[in-house]
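The values are calculated or read from the model by the stated rules, or taken from the named source; none is laboratory data. It should be emphasised that the depicted structure is a prediction, and the values quoted were computed from it without experimental measurement. Neighbour counts run over all protein chains shown; Cβ positions are idealised from the backbone, glycine included. Areas reflect the complete protein model, heavy atoms only, side chains present, ligands, DNA and RNA absent. Shrake-Rupley method; radii C 1.70, N 1.55, O 1.52, S 1.80 Å.
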Amino acid sequence: QVQLVESGGGLVQAGASLRLSCAASGSIFRLNAMAWYRQAPENQRELVAIIPRDGNTDYADSVKGRFIISRDDAKNTVYLQMNSLKPEDTAVYYCYIQHRRAFDSRYHDVWGQGTQVTVSS
C-alpha cells in the first residue's frame with residue numbers, strides 16, 4: 001500500500017512563497033509521473049504542474065514563471081516551489097504520483113490528502 005503525505009501549506013500574504021512537499025511511502029519500485037493539482041471551492045480540480053520521469057515539466061499558464069515542480073526519486077518525494085503567490089492561488093493542493101511495483105507492469109495512481117494554501121491580499 002502506497003500513501004502520500006503532503007506538507008507545506010499555510011496562510012501567507014500576496015507576494016510570499018511557499019514550498020509544498022509530498023512524500024510517498026510503501027512499495028514503490030519505479031516512479032513515473034508526479035504532479036500537483038489544486039481545487040478551489042466551486043471549481044474543478046486543475047493540473048498545476050507535472051514532472052514526468054523524462055523531466056519534461058509542464059505548468060498551467062496561470063502559474064508559469066512563478067511555480068517550479070521538482071522531484072527527488074531517491075526520497076520518493078515531489079516538491080512544488082510557489083513564488084509570488086497571488087490570492088487566486090488559494091486552493092487545496094493535491095499531489096499525485098503514478099508508480100509501479102516490482103513484477104507488475106501496471107502503473108498505479110495515488111493521491112495525497114490535500115493541503116490548504118491561502119493567499120491574502
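So for region 28-76, averaging the separation of alpha carbon pairs under 8 Å that are six or more residues apart and normalising by length, what relative contact order in percent results? Walk me through the numbers on the way to the answer.
Details: 56 pairs, mean separation 15.1, N = 49.
Relative contact order for region 28-76 comes out at 31 percent.
Projected area of region 20-64, taken from the Cα convex hull and averaged over every viewing direction, in nm²?
Values: hull surface 17.3 nm².
That works out to 4.3 nm², a quarter of the Cα hull's surface.
Can you work out D for region 82-121 in µm² s⁻¹ from Stokes-Einstein, where Rh is the Kirkwood radius over C-alpha pairs, the temperature is 10 °C and the viscosity is 1.306 mPa s? Let's see the in-between values first.
Numbers: Rh = 12.4 Å.
Here the translational diffusion coefficient equals 128 µm²/s.
Extending each Cα 7 Å along its Cβ direction at residue 27 and residue 102, get the distance between those two points in nm, one decimal.
The answer from the label model is 1.0 nm.
Over the Cα atoms of the chain, what is the Rg over Rh ratio if Rh follows Kirkwood?
Numbers: Rg = 14.2 Å, Rh = 14.5 Å.
My calculation puts Rg/Rh at 0.98.
If I compute solvent accessible area with a 1.4 Å probe over the protein chains, what percent of it on region 4-121 is carbon and sulfur?
On the way: 2920 of 6250 Å².
After summing per-atom areas, the C and S share lands at 47 percent.
Given R₀ = 25 Å, what would the calculated FRET efficiency be for residue 53 paired with residue 7, taking r from the Cβ atoms and rounding to 0.05?
Details: r = 23 Å, r/R0 = 0.94.
Step by step, r from the Cβ atoms, then E = 0.60.
Under a 10 Å cutoff between Cα atoms, tell me which one of 17, 105, 62 has the largest fluctuation in the Gaussian network model of the chain.
Sorting by GNM fluctuation, first place goes to 105.
In units of 2.2 N^0.38 Å, what is the alpha-carbon radius of gyration of region 59-109? Let's see the in-between values first.
Details: Rg = 14.4 Å, N = 51, 2.2 N^0.38 = 9.8 Å.
Compared with the compact-globule rule of thumb, region 59-109 sits at 1.47.
Determine the relative contact order of region 44-121: mean sequence separation of Cα pairs under 8 Å and six or more apart, normalised by residue count, in whole percent. Walk me through the numbers before you get to the answer.
Details: 98 pairs, mean separation 16.9, N = 78.
Value for region 44-121: 22 percent.
What shape does region 38-89 have by the C-alpha gyration tensor, where a ≥ b ≥ c are the square roots of the eigenvalues, rounded means a/c under 1.5, and otherwise prolate means a/b greater than b/c and oblate the rest?
Working: a/c = 1.97, a/b = 1.73, b/c = 1.14.
Prolate shape, in that a/c is at least 1.5 and a/b is the bigger ratio.
Accessible area per residue for region 18-62 in Å², computed with a 1.4 Å probe and the full protein assembly in place, what is it? All intermediate terms of the calculation are to be shown ahead of the outcome.
Numbers: 2520 Å² over 45 residues.
Averaged over the residues of region 18-62, the accessible area is 56 Å².
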